[in-house]
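Visitor: The structure is given below, and queries will be raised subsequently.
The values are calculated or read from the model by the stated rules, or taken from the named source; none is laboratory data. Just so we're clear, the structure is a prediction, and the values are computed from it rather than from any experiment. Reconstructed Cβ throughout: ideal geometry from the backbone, glycine too, with neighbour counts over all protein chains shown.
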Amino acid sequence: MQRRVILEAPAKVNLHLRVDGLRPDGYHDLLSIFCAVSLADTVTLRRSGPPGSLRLRGNVDVPAASNLVTRAVEAFRAETGIRDGVAAELRKRIPVGSGLGGGSSDAAAALRCMEALFEAPLAPARRLELASRLGSDVPFFLEGAAALVEGRGERVQRLGPRTDFALVAVLPGVAVATADAYRWLDADRAAGRRGAGPRALTRDEVLAAWECGVAGHWGLSNDFDGPVLARVPALAACRDALLAAGALEAGLTGSGSTVIGVFAGRVEAEACRRALRDRRGGLPPGARPVVLIPLASLPAICYNRSMRICQGEATHGDNGYSHQEGRG
Ligand code: C5P
């Protein structure tokens, strides 16, 4: 029986990101709130081709061999010994290098799709281990729409979702390399420049803010704001434009480059997006505002035999980032 397994792979935002010390493995420990949002890629898998083969197509412009979908499929094969041929399709809408976790979400979705396609569920601990090896942010995308994430990303405590706010994300049209952002942060700390940011919140304070705080008045922050916004003025301009357009709180998500603003609801966020788009609202050239709605749960897997349009839970529009179809 020919069937496809389809899964929306949502973006995430970091509503808080505290970067702690450098670990012996070269990574930093984090304390972060991750929240899945409505912008999503779509991962589709089906059985096809000779054993061991994998054909990846879609609108991606990264080489198929290094794509995280490919790496997830190979990791599943190595773990289970299931080597049937697979054809994968990746429809990308989450901009690459934006701090929105697109590649990590694709990897988690591909892992879940392989389990479903071959009806071979992994033990939760093994699934988490594979995800963690694929990338620091991948474990978050395995279940739940909000989480407190610690360590390198492998310690994930599920949190109750909050849907009492909306976000405007400004996709600035420039990428920030994760390694650069960490280097800048380390350099500033070594030089004694911790920025004018607020005192670092404790784990309990972060949890209390998410569980009880009024949306947009959380007092949450991102340690990358100081080092990255100081070095990339276009991103500081995006943050200032969001605040001027009514954002309650604004800053980077992840290590950038996307800048997010928090609003009380969808209506306020839409009004901000229109204002920024129509009047340009102080955005630098090439920057584009998008409304993101927090998800109440991760999208469910969808089985499809006839290739009718199959909608996941994440509703989204194409964000207009166009890549050439059929490459990768
Ligand atoms: O996760 P990824 O491999 O994209 O990270 C790129 C680089 O960013 C790492 O090689 C490391 O230098 C830095 N990093 C870090 N701590 C983390 C995540 C990334 O220092 N938790």
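Visitor: Quick check, is GLU150 surrounded by fewer than 24 Cβ atoms within 10 Å (Cβ to Cβ), outside any loop (DSSP other than H, G, I, E, B) and in contact with a Ser or Thr (Cβ under 8 Å, 6 or more places away or on another chain)?
Guide: yes
Visitor: Go through the stretch 39-63 and give me each residue that's within 23 Å of PRO299 (Cβ to Cβ) and among the small types (Gly, Ala, Ser).
Guide: Hits for the stretch 39-63 are ALA40, GLY58.
Visitor: Something else: Here are some conditions: (1) more than 15 Å from the ligand (Cβ to nearest atom); (2) under 30 Å from PHE224 (Cβ atoms); (3) modelled with pLDDT of 95 or more; (4) out of contact with any Cys (no Cβ under 6 Å at 6 or more places or on another chain). ARG83 meets all but one. Which one does it not meet?
Guide: Failing condition for ARG83: (2).
Visitor: Which ones in the stretch 220-246 are surrounded by fewer than 23 Cβ atoms within 10 Å (Cβ to Cβ) and closer than 20 Å to THR163 by Cβ?
Guide: Within the stretch 220-246, just GLY246 meets the criteria.
Visitor: Can you name the residue in the stretch 18-45 that is of a type in the set (Ser, Thr, Tyr), assigned to a strand (DSSP E or B) and within 27 Å of VAL73 (Cβ to Cβ) and, of all such residues, is farthest from the chain's Cα centre (by Cα)?
Guide: THR44
Visitor: Another question, then. For the stretch 150-166, enumerate the residues that are over 13 Å from the mean Cα position of the chain (by Cα) and within 16 Å of the ligand (Cβ to nearest atom).
Guide: Those that are over 13 Å from the mean Cα position of the chain (by Cα) and within 16 Å of the ligand (Cβ to nearest atom): GLU150, GLY151, ARG152, GLU154, ARG155, VAL156.
Visitor: Out of all the residues in the stretch 57-104, which are in a loop (DSSP other than H, G, I, E, B), touching a residue at least 24 places away in the same chain (Cβ under 8 Å) and over 21 Å from the mean Cα position of the chain (by Cα)?
Guide: ILE82, ARG83, ASP84, GLY85
Visitor: Here's a follow-up. Determine which single condition GLY52 fails, assuming it passes every other condition in (1) surrounded by fewer than 18 Cβ atoms within 10 Å (Cβ to Cβ); (2) within 22 Å of TYR27 (Cβ to Cβ).
Guide: (2)
A quick yes/no check of all residues on (1) crowded, with 18+ Cβ neighbours inside 10 Å; (2) free of Cβ contacts under 8 Å to residues at least 60 places away in the same chain; (3) closer than 23 Å to ALA40 by Cα:
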{"position": "ASP137", "(1), (2), (3)": "yes, no, yes"}
{"position": "PHE141", "(1), (2), (3)": "yes, no, yes"}
{"position": "GLY144", "(1), (2), (3)": "yes, no, yes"}
{"position": "TRP184", "(1), (2), (3)": "yes, yes, no"}
{"position": "GLU211", "(1), (2), (3)": "no, yes, no"}
{"position": "TRP218", "(1), (2), (3)": "yes, no, no"}
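Visitor: A follow-up question, please. Would you check if ALA120 is more than 12 Å from the ligand (Cβ to nearest atom), surrounded by fewer than 19 Cβ atoms within 10 Å (Cβ to Cβ) and in contact (Cβ under 8 Å) with a residue 40 or more places away in the chain?
Guide: So ALA120 passes the test.
Visitor: Further question: Would you say LEU171 is at pLDDT below 95, within 21 Å of the chain's Cα centre (by Cα), surrounded by 14 or more Cβ atoms within 10 Å (Cβ to Cβ) and not aromatic (Phe, Trp, Tyr)?
Guide: For LEU171, the condition - at pLDDT below 95, within 21 Å of the chain's Cα centre (by Cα), surrounded by 14 or more Cβ atoms within 10 Å (Cβ to Cβ) and not aromatic (Phe, Trp, Tyr) - is not met.
Visitor: Inspect all residues belonging to the stretch 54-68 and state whether any of them is within 16 Å of the ligand (Cβ to nearest atom) and at pLDDT 95 or above.
Guide: Within the stretch 54-68, one or more residues are within 16 Å of the ligand (Cβ to nearest atom) and at pLDDT 95 or above.
Visitor: Moving on to the next point. Quick check on GLY99: is it surrounded by 23 or more Cβ atoms within 10 Å (Cβ to Cβ), within 13 Å of the ligand (Cβ to nearest atom) and on the phi < 0 side of the Ramachandran plot?
Guide: Here the answer is no, as GLY99 does not meet what is asked.
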